[in-house]
Structures are given as C-alpha cells and as structure tokens.
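Right, one structure below, let's go through it.
The values are calculated or read from the model by the stated rules, or taken from the named source; none is laboratory data. Please read all numbers here as calculations on a predicted model, not as lab measurements. Virtual Cβ from ideal backbone geometry, glycine too; neighbours counted across all protein chains shown. Each accessible area value is taken on the protein alone, full model and side chains, heavy atoms only, with ligands, DNA and RNA left out. Shrake-Rupley method; radii C 1.70, N 1.55, O 1.52, S 1.80 Å.
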Amino acid sequence: MKKNLNTIVLIKQVPDATDVKTDPETGRLIRDGAVTINPFDMFAIEQAIQLKEQYGGKVIVLTMGPPNAKYSLEFCLAMGADDAILLTDRAFAGADTIATSYTLAKAIEKVPEFDIIFCGIKTTDGDTGQIGADVAEFLNLPNIYYVNKIHEIAENSIIVEKQFEDRMQVVQSELPVVISMIKGANTPRFPTLEGKMEAFRKPVTTYTATDVQADPKQIGAEGSPTKVLRVFPPPKREKGRILPESDDNIAELVQFLKEKKFVTE
Ligand SMILES: Cc1cc2nc3c(=O)[nH]c(=O)nc-3n(C[C@H](O)[C@H](O)[C@H](O)COP(=O)(O)OP(=O)(O)OC[C@H]3O[C@@H](n4cnc5c(N)ncnc54)[C@H](O)[C@@H]3O)c2cc1C
C-alpha cells in the first residue's frame, strides 16, 4: 500500500450564479462580483483530503485567476488542504482552455513530487470540461475522467471506478495521473472553526508568468486560439401552451403548428 500520497487539486473561482456580469467591450466575464468555488471542484478537493487522511502526504490546491481567487484557496485550506498556489498575472487574462492548461502545467512543473492531480469534470462558467485532459497532455500524463470511486492505490499504480455512459468501469493506471471526480462522488465537508483558524497559518504562494517561466506567446489572450467574442444570455423562451387532449383542439393544434411552420399545407 502507498504511503504519503501527494496530491494537487485544480480549483477555479467562478462568478456566483446569482451575479454573472459580462464586460460589453471585451465580452469577457467580470470576475469582481460575487464569486464562489466552482461547485464541481468540491468533490475533487474532498477526495484529496480523504486520501490524505488514509495515506498521509500533502494536498496542494492550485488556481489560475484574479488576485481575489485567494479567497477560494483559503476556503480549501480551511477544509484541510496544506498548501495553496495562486497563478495570477494580467498576462493570463482572456486565456482559453489551451492557454489555461499550459499555464497550470507550468506551475505544476515547479511542484517537486506529486502522485495525483485532481480536478472537477467542468466549470459553471466556461463549462468546456477540457482542462483536465489538456493539463495531462502538457505534462504527458495519463488521465481518467468521471471517476466515482478510488478502489486502491499501490506504490506506482491506482485502481478507480469511473462512469462510462450508463454503466461503471474499473480502470487501472500508473502514477502520476490526472483524475476528474464526478459530481456526487462524495460529500464535501464544511470547514470547521479550527480549520479556518489553521488556514491563516498555511502558505499561499503567488506565481506570475515570469515565476513559472511561461512563454508569453502561450498564455492569456495571445496564447489562445479560441477567442470568446461575446457572452450573452440566451433569448428568453416564450411560454409554452398546454392543449388538453381532445378532438376539439386538433384544428387549433394544426393551426398553431402551421403558424410555427412546423407543418405546411
Ligand atoms: C462563457 C465562457 C465560454 C468559454 N468558452 C470557451 C471555449 O469554447 N473554448 C475555450 O478554449 N475556452 C473557453 N472559455 C475560456 C475558458 O473558460 C477558460 O480557459 C477557463 O479557464 C478554463 O475552461 P473551463 O472554464 O471550460 O474549464 P473546464 O475544462 O470546464 O474545467 C474542468 C476543471 O479544470 C479545472 N480548472 C478550470 N479552470 C481552472 C483555472 N482557471 N484554475 C485552476 N483549475 C481550473 C477545475 O478543476 C475544473 O473543474 C470560455 C469562458 C467562458 C466564461
């Protein structure tokens, strides 16, 4: 059985769903309103802390975001993570998933040793679900998506249970590995008062683009083949009409379908 399992957890700070604002100029999300930790990441951080309680070792939380993303890191430290890394630099702004993953990988290259990189399956804002696989690609590591349960961790390998369409699969991989935890895989804990007190004493390391020796051509908007041109709410859907099932309503239904051009003469 493995001893001292070191893990890194990727978390993203996202706009609180009640306060999503976009910059009319850049089309980018404004990230200084109400914010929260991406809900899907809570299952990743909880899994890492549970494994630390079982195997020992260290949990590092890592995020790329604006300076106020420090608050989300401190919440994870209060839950039980040991260290935190904040990747923040104006040069990272406007990053798409490739540029974000490259930047995260550069920060992970500075972590001496780790066995598992945990992430959520997706975020509530970008919602691409691409980062885990992209980070694994940049670090040339295996990755397993939609993991529901960790069965066994040996010195250099891991056995997990993952969701695959409508059934579960048991998969084995070598370590280190990138794992995205599925929603509902566990019950994330709330930080205790003691945990919050301890969090103040735990280090938050801040990295800029220079600190991680990032190639300026591969970060931020410049390093992003994908440009988010505009973010806007979908058009409001008009209220549907309910027609009780009766022969009398057939003519009205046909008329309605014709109006909507679902049927022609
Ligand atoms: C509305 C909107 C649409 C977008 N559409 C696209 C698009 O189509 N293509 C594109 O390339 N980019 C897109 N982006 C940009 C993209 O959101 C950012 O690159 C983002 O940082 C990562 O993508 P994601 O939010 O989709 O993450 P996902 O891939 O959905 O996140 C998966 C997991 O990766 C980790 N993670 C994600 N972001 C970070 C971070 N910043 N720091 C640490 N861990 C992280 C978390 O564990 C998360 O659960 C979009 C952004 C917005 C706001």
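Please work out how much accessible surface Val263 shows to a 1.4 Å probe, ignoring ligands, DNA and RNA, in Å² rounded to 10. Surface accessible to solvent at Val263 totals approximately 60 Å². Across the range 62-103, the residues whose backbone nitrogen lies under 15 Å from the label position 7 Å along the beta-carbon direction of Asp215 are 98-103.
Two decimals, Cα atoms only, Kirkwood Rh: what is Rg/Rh over the chain?
1.10
Sites listed here are trypsin sites (Lys or Arg not before Pro) in the range 205-265 whose DSSP assignment is loop and whose Cβ has at most 16 other Cβ atoms within 10 Å: Lys227, Arg230, Lys236, Arg237, Lys239, Arg241, Lys260, Lys261. Under 20 Å from a point 7 Å along the Cα-to-Cβ line of Lys3: which residues of the range 57-83 have their amide N that close? Zone members listed by number: 57-59.
Give the range of the longest stretch in the chain that excludes all chymotrypsin sites (Phe, Trp or Tyr not before Pro) found in loop regions by DSSP and having at most 13 other beta-carbon atoms within 10 Å.
1-199
Only the Cβ atoms of Lys and Arg (+1) and of Asp and Glu (-1) were treated as charged; on that basis the dipole of the chain about its Cα centre amounts to roughly 380 debye. Counting only DSSP beta bridges whose two residues both lie in the range 7-218, roughly 45 percent are antiparallel.
For the range 39-138, which GluC sites (Glu not before Pro) are in a loop by DSSP, counting at most 11 other Cβ atoms within 10 Å? Taking the range 39-138 and a limit of 11 other Cβ atoms within 10 Å, the loop GluC sites (Glu not before Pro) found are Glu109, Glu113. Along the range 216-232 the Karplus relation, 6.51 cos²θ - 1.76 cosθ + 1.60 evaluated at θ = phi - 60°, assigns HN-Hα couplings of x, 7, 10, 10, x, 4, 5, x, 10, x, 9, 10, 7, 7, 7, 10, 8 Hz to successive residues, with x for each Gly and Pro.
Percent relative contact order of the chain, based on C-alpha pairs within less than 8 angstrom and at least six residues apart? In percent, rounded to a whole number, it is 24.
For the listed residue pairs Lys3/Lys217; Lys70/Lys217; Lys52/Lys162; Lys106/Lys183, the alpha carbons are over 31 angstrom apart in Lys3/Lys217.
A simple spin-label model places the labels of Ala251 and Thr226 5.2 nm from each other, with each point 7 Å out along Cα-to-Cβ.
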